1. Would you compute, from DSSP H runs of 4+ residues alone, the mean residue ellipticity of the chain at 222 nm, taking -39500 (n - 2.57) per run and dividing by the full residue count, rounded to the nearest 500?
2. Counting heavy atoms of the protein chains only and a 1.4 Å probe, report the per residue accessible area for the chain as a whole number of Å².
3. Please tell me the relative contact order of the chain in percent, rounded to the nearest whole number, where contacts are Cα pairs under 8 Å and at least six residues apart.
4. For Arg12, put the label point 7 Å out on the Cα→Cβ axis and report which residues of the range 154-178 keep their amide N under 11 Å from it.
5. Please compute the length gained on full extension between Asn102 and Arg23, using 0.36 nm multiplied by the number of residues separating them and subtracting their Cα-Cα distance.
6. Of the accessible area of the chain, with the probe set at 1.4 angstrom, what percent is carbon plus sulfur?
7. Total Lys pairs in the chain closer than 16 Å by alpha-carbon, pairs eight or more apart in sequence or interchain only?
8. For the chain, rounded, prolate or oblate, judged on the Cα gyration tensor with a ≥ b ≥ c (square roots of eigenvalues), a/c < 1.5 rounded, else prolate if a/b > b/c?
Amino acid sequence: MNNILRNVLMRRSVSQFEERPIRDEDLMEILEEGKALSNAVNNQEWHFTILQNRKLIKQLYDVHTEQSSAIPDIKDFLPIEAPLLLIISGRKDNKFVEDAANMVFGSMMLVADKYGIGSCWLAAMPKLFETEAGKSVLDQMSVPRGYSPLCVGAFGYKKTVVATSVLSMEDNIVNIIK
Ligand SMILES: Cc1cc2nc3c(=O)[nH]c(=O)nc-3n(C[C@H](O)[C@H](O)[C@H](O)COP(=O)(O)O)c2cc1C
């Protein structure tokens, strides 16, 4: 089995992280390799925020707790305490940027796993930045004007990993039409 396939099969979402910060060398690898993925019409209109500031991360979790009853989708998604939040933002008027950001985010999760760094996608977080309280956190993050957060994920060295079952080809999820 080649390394990429093994990496894909072995990666699992992680919700419990060690407190120690991610080493700068590991972080640079994740950013360099991860962002090299394909992006629509190669305009690369995105921006990466690496949030390691405990105070701001805490503010974001507080916004999540406050808003979880007001925004129906977010109550289903657990915020995950992590030493690092990765936020990919994109130009609001670029119609492909969200798809590209999702793809890059997935590849960063895979690269991270190679270095023993777990991750978890936090789907509801971008919505939080649309609330007044969320905007005030966003204002402290220097995201370029005209860009908005599209993907948010928690990253950190893995503390515990819970196995999840992956659908197999026998589960009737593939239809091959020749
Ligand atoms: C688009 C997307 C959004 C997700 N959002 C959340 C989330 O908000 N909170 C969370 O705990 N997990 C989230 N996850 C992680 C999934 O729950 C997880 O991928 C799924 O349970 C399968 O587990 P695995 O990643 O270990 O294979 C998300 C995953 C994806 C792909």
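The values are calculated or read from the model by the stated rules, or taken from the named source; none is laboratory data. Just so it is clear, the structure is predicted and the values come from calculations on it, not from any experiment. Note that each Cβ is placed from the backbone with ideal geometry, even for glycine, and that neighbours are counted across all protein chains shown. For the accessible areas, the whole protein counts, side chains as well, though only heavy atoms, and no ligand, DNA or RNA atoms are used. Shrake-Rupley method; radii C 1.70, N 1.55, O 1.52, S 1.80 Å.
1. Numbers: 6 runs with 62 residues, N = 178.
Helix-only estimate at 222 nm: -10500 deg cm²/dmol.
2. Working: 10770 Å² over 178 residues.
On a per-residue basis, the chain sits at 61 Å².
3. Details: 274 pairs, mean separation 64.4, N = 178.
Computed value for the chain: 36 percent relative contact order.
4. Backbone N within reach: 160-166.
5. Values: separation 79, 0.36 × 79 = 28.44 nm, distance 2.40 nm.
Contour length minus the Cα-Cα distance gives 26.0 nm.
6. Numbers: 5710 of 10770 Å².
Answer for the chain: carbon and sulfur cover 53 percent of the accessible area.
7. Value for the chain: 9.
8. Details: a/c = 1.41, a/b = 1.28, b/c = 1.10.
Rounded is the answer for the chain, as its axis ratio a/c remains below 1.5.
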